[in-house]
């Protein structure tokens, strides 16, 4: 019976995706995936982590339906691989879930064929004949009865004649086979070894080693203290000069602000990588358990704080840039990067305070990155950028807004109606809007997003 | 390792997959002449890909006295992920051109099946001078009862 579900799912896969762009079809596909996983693994589906990640996966699919952006589609794919990986083993780190999820989706069945041949043989012996009967016999009888009823009722005959199966061709069938391959793969999640076992055996805590030597650690502490003291002095001096330069910055010139932000970002990247590497080097092992490491720890915390201030300064510069010259994808990217850096510094601080190892850092940071990705996919950035620039920013580049995705077509059209623009820009906006309307009209129900379903006649008549 | 047998099966599989996908496009009906002619470049590409990207894993693994299944379990996941990524990039960058899509899809499945056929070959061992009696006994046990692994 379970295999029937896979056949139905793969048929739906083709109905949803054959020669279609992304829209509500991805949401329906996500629901089908959740049903397949729950039917094949009812016990695992009840586990707390799996429920949470199923909800996250469904949310990401809803975001695709509502926002219809490339980022939300990417986030949904990542959530899909995470969930499939989680069904292979729910106790592994998220990056191992990704590895298991990707591998299960692309070659799970082939792996089982070699790794567990008895499992595959068992499946084939039981199901193949039964499966054929379950599909062929009902189809044959349904067709016979349709032909019988057709002759008995003109209305029924008319309705049957209207059903169009022209969409079924070899490519459609190939896509159905691909869908079946995908669903049969995810129905039996596999684990990549030895990565999974190794990850399960790794703990987050650091332990005192047998080679613990006071003398050796004393020397290492001296080196660390000297190095961090000098680096703290240096970054402190740099921050003072940076604060002074921000106050005297000419914010009326985009090129000056742009250069400042880019220079700041380069400094930030170098500084943060160095900072985290040095901290990880000194606190990689026994120095965490050395009695006289207090000064080194304080210097480390001070350095982290200084780096946080550096992050804040870059944030201010970028925000000045945005206020003066509007939002762009790159400027949002800088803000996101800054936030990730801040989180990285905080987790490094936690690592030192709670005597954790590097695995902890990697696990927590990837987990947070995943959460941020899902959260960011809830927003349509092109729409947000356009809305902010047209209504709040002091100046902006209208050509840039026109080049963004169709998500801002209505906003731009409304704006062009209310303002007197350069005829060239007006023409570009009209073309963009007309293309957008044409695309919507050509879309089938599988490709529509929420805003297209909800699009009013007023919007279409702009 | 029965390389000729593996290559033969892979060439047939790649040719069938390639032409099924290409012929699925209504406008490009496969002409028998082209199908026969295409078997030469397909054979060359398949042989080169398998000899240079799949066989080295097994040669290296055998040198370390690993069984084919052990080699498969250890390297196949990473190999399949890498080849899938490359093929996906190829398909997207070709803008879903039917010939390139057919090439990459058949390349993905052919290389994967090549791994499976190598892994499923009957176990034969070469013992090094350093192999201990226990190692040899263990390998013989595995050889006699491969499924219990």
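Throughout, read-outs are computed from the coordinates displayed, never taken from laboratory work. Everything quoted here is computed from the prediction, not taken from an experiment. Because the Cβ atoms are built from the backbone with ideal geometry, glycine has one as well, and the counts that use them run over all protein chains shown.
Values computed for the structure shown
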{"quantity": "Over chain A, relative contact order from alpha-carbon pairs under 8 Å, at least 6 apart, %", "calculated": "22 percent"}
{"quantity": "Footprinting exposure proxy for B:25, A:403 (fewest neighbouring C-beta atoms within 10 Å first)", "calculated": "A:403, B:25"}
{"quantity": "The protein assembly as shown shape via C-alpha gyration tensor axes, a/c threshold 1.5", "calculated": "oblate"}
{"quantity": "For the protein assembly as shown, calculated [θ]222 nm from helices alone, where every DSSP H run of n ≥ 4 adds -39500 (n - 2.57)", "calculated": "-26000 deg cm²/dmol"}
{"quantity": "Distance between region A:276-312 and region A:418-437 - C-alpha centres, whole angstrom", "calculated": "56 Å"}
{"quantity": "For region A:142-158 versus region A:29-48, the gap between their alpha-carbon centres in whole angstrom", "calculated": "38 Å"}
{"quantity": "Cα centroid of region B:58-95 to Cα centroid of region A:378-394, whole Å", "calculated": "45 Å"}
{"quantity": "Residue exposure sequence - B:12, A:311 - by fewest surrounding Cβ within 10 Å", "calculated": "B:12, A:311"}
{"quantity": "Per-residue Cβ neighbour rank within 10 angstrom, fewest leading, B:45, A:353, B:105", "calculated": "A:353, B:45, B:105"}
{"quantity": "Cα gyration tensor shape of region A:2-198, rounded if a/c is under 1.5, else prolate or oblate by comparing a/b with b/c", "calculated": "oblate"}
